[in-house]
Amino acid sequence: MDATKQLREAAEEILAREDVACLIGYEQGSYGFRVQPCILTDPGQTDRLIISPLCVNNLTNYLTLEQIGPLTKEAIGEQKIAIVVKGCDSRAITVLNAENGFSRDRLVIIGVSSPGVVDISKIEARFPNAVSPAEVTVKENNFVISCEGETSSIPQNELLASKCQRCKNAMPTVYDVLIGEEQPAKEDVFEDVAAAEAQNIEEKAAKWQEEFSRCIRCYACRNACPLCYCSDCMLDRLRPQFIRRSVTAVDNSLFHITRAFHLAGRCIECGECERVCPQSIPLMDLNRKLAKDVKELFDYEAGIDPEAKPLFGTFKTEDSDEGIL
Amino acid sequence: MSFEPKIVAFLCNWCTYAGADLAGTSRYEYPPNVRTVRVMCSSRINPMFIVNALLEGADGVLVSGCHPGECHYVSGNYLARRRLVLFRRFLEHLGIHPDRFRMSWVSASEGAKWAEVVKEVTEGVRALGPNEIKREQEWMQQSS
């Protein structure tokens, strides 16, 4: 039975429950390879749902919004929300639950054992003429792509999003219903970070000053991040103005250092910040570096252990004293 | 004129600030390059303070608090240590030399240690030269 059919059946059952207000899932977008989030409230709507390697968004971002689709927080009240999550997305739920951002008890989680998602920009570059809705499935390490009446097969690693190429935990860490087969977790060795660390300090400074200077401060990275959900964000504060707003390399540096460091020990590597960046700034490089150091220094991984306390809310007396005089 | 580094030092009220005071009353000599900001605890230091100081024109930043286990608020310095040790590595990754941001533990009785810490930090920053990534520099480039 294919995953979409499995998903629809599970969703129908869940939406029929009285204690469930709505379901957040994916539906076919309006053109080409675009898939969009959808919020369903009625069991009859479940035939809109799909799950495929095109479902790139991290839907947990919706949980902390004031309004989920047609429903306000008040309308939802104490009812539960059903949500479709991939491996990385499920870890956002674990972090949200640990820091009291959103209680896991208020969720019905449909976990998808993800085969990895495609990088939409890569696939659109391969098929520039795709206008009518296209389909992508996985078959033996290949993506089978049906687009404009033609079917072609492309090796998976040519189109996979970079976060999925290095992903070690494709299995959801929390779920109530699982779609797809169980996958074992692997050990993350941070090869990508090691390559960046090998540069000398001048090269690093030049690289990041250039990257940051391109930022246009649209804050899409913050808005797309499921874990940037403070209702009173310091980026928006004018009194006191923590972060200046001029679009220059220096002020952008402050913004990006702050943004990345706020996610230290929290980033679950869903890659949404990087995906939505209109200037293609490699934001995940910052998050990955922090993830590597957090693992090295504190043996901590965000969102893996549902019982773990937030990294900076706890300490050990034997923590590293590196560089302290 | 030779380069004189500007160093912003965030000192905890209960240990290092008193330690620095003791260094003064005990007539220890140390470089006049630090500008002190007193905070109630080293865990008050938001990493943003450090970046902001560097971008606003400081050549180096020093954060100093009580020794582990001696925090006036029991565990503040442990929490600060977690954050700031990680932050120091992160700054290095972005091309800000780790010698520009130092941490130290100086208790209220360690006036001599405070003098040593300031000497070491100042010499470290002096060796690196002026901080290139700062707003002042940017304005100068724009106006020229």
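Just so you know, all these numbers are worked out from the coordinates, no wet-lab data involved. Keep in mind the model is a prediction, meaning the values are calculated, not measured. FYI the Cβ positions are ideal-geometry reconstructions off the backbone, even for glycines, and counts take in every protein chain you see.
Side notes on the structure shown:
- Shielding by partners, peptide A:250-262 (average Cβ within 10 angstrom, other chains): 5
- Anisotropy class of region B:1-82 from Cα gyration tensor, a/c 1.5 cut: oblate
- Footprinting exposure proxy for B:12, A:167 (fewest neighbouring C-beta atoms within 10 Å first): A:167, B:12
- Between residue A:140 and residue A:309, the contour length at 0.36 nm per residue exceeds the alpha carbon distance by 56.9 nm.
- Averaged over A:309-319, number of beta-carbon atoms from partner chains that fall within 10 Å: 4
- Here the sum of -39500 (n - 2.57) over DSSP H runs of 4 or more residues, divided by the residues of chain A, equals -9000 deg cm²/dmol at 222 nm, to the nearest 500.
- Sorting the segments A:32-41, A:150-159 by their mean number of nearby beta carbons within 10 angstrom, highest to lowest, gives A:32-41, A:150-159.
- Cα gyration tensor shape for chain B, rounded if a/c is under 1.5, else prolate or oblate: oblate
- GNM on chain A, alpha-carbon springs under 10 angstrom: the most fluctuating residue among A:98, A:249, A:82 is A:249.
- Order of A:276, A:247 under a 10 Å beta carbon neighbour criterion, fewest first: A:247, A:276
- Between helix A:3-16 and chain A: long-axis angle, C-alpha atoms, 0 to 90°, nearest 10: 80 degrees
- Looking at the protein assembly as shown, the DSSP beta bridges with both ends there are about 45 percent antiparallel.
- Degrees, to the nearest 10: B:76-93 long Cα axis against longest axis of chain B: 20 degrees
- Highest-fluctuation residue, A:270, A:221, A:233 considered, GNM on chain A with Cα pairs under 10 Å: A:233
- Helix A:87-98 axis, angle to chain A major axis (alpha carbon atoms, nearest 10°): 60 degrees
- Net dipole in debye of region B:7-143 [+1 Lys, Arg Cβ; -1 Asp, Glu Cβ; about Cα centre; nearest 20]: 360 debye
- When the pairs A:186/A:309; A:86/A:295; A:316/B:113; A:168/A:295; B:6/B:119 are compared against a 18 Å limit on Cα-Cα distance, A:186/A:309; A:86/A:295; A:316/B:113 fall above it.
- Shape class for region A:191-312, computed from the alpha carbon gyration tensor (a ≥ b ≥ c): oblate, with a/c not under 1.5 and a/b at or below b/c.
- Dividing the helix sum by the residues of chain B, where each DSSP H run of 4 or more adds -39500 (n - 2.57), gives a mean residue ellipticity at 222 nm of -14000 deg cm²/dmol.
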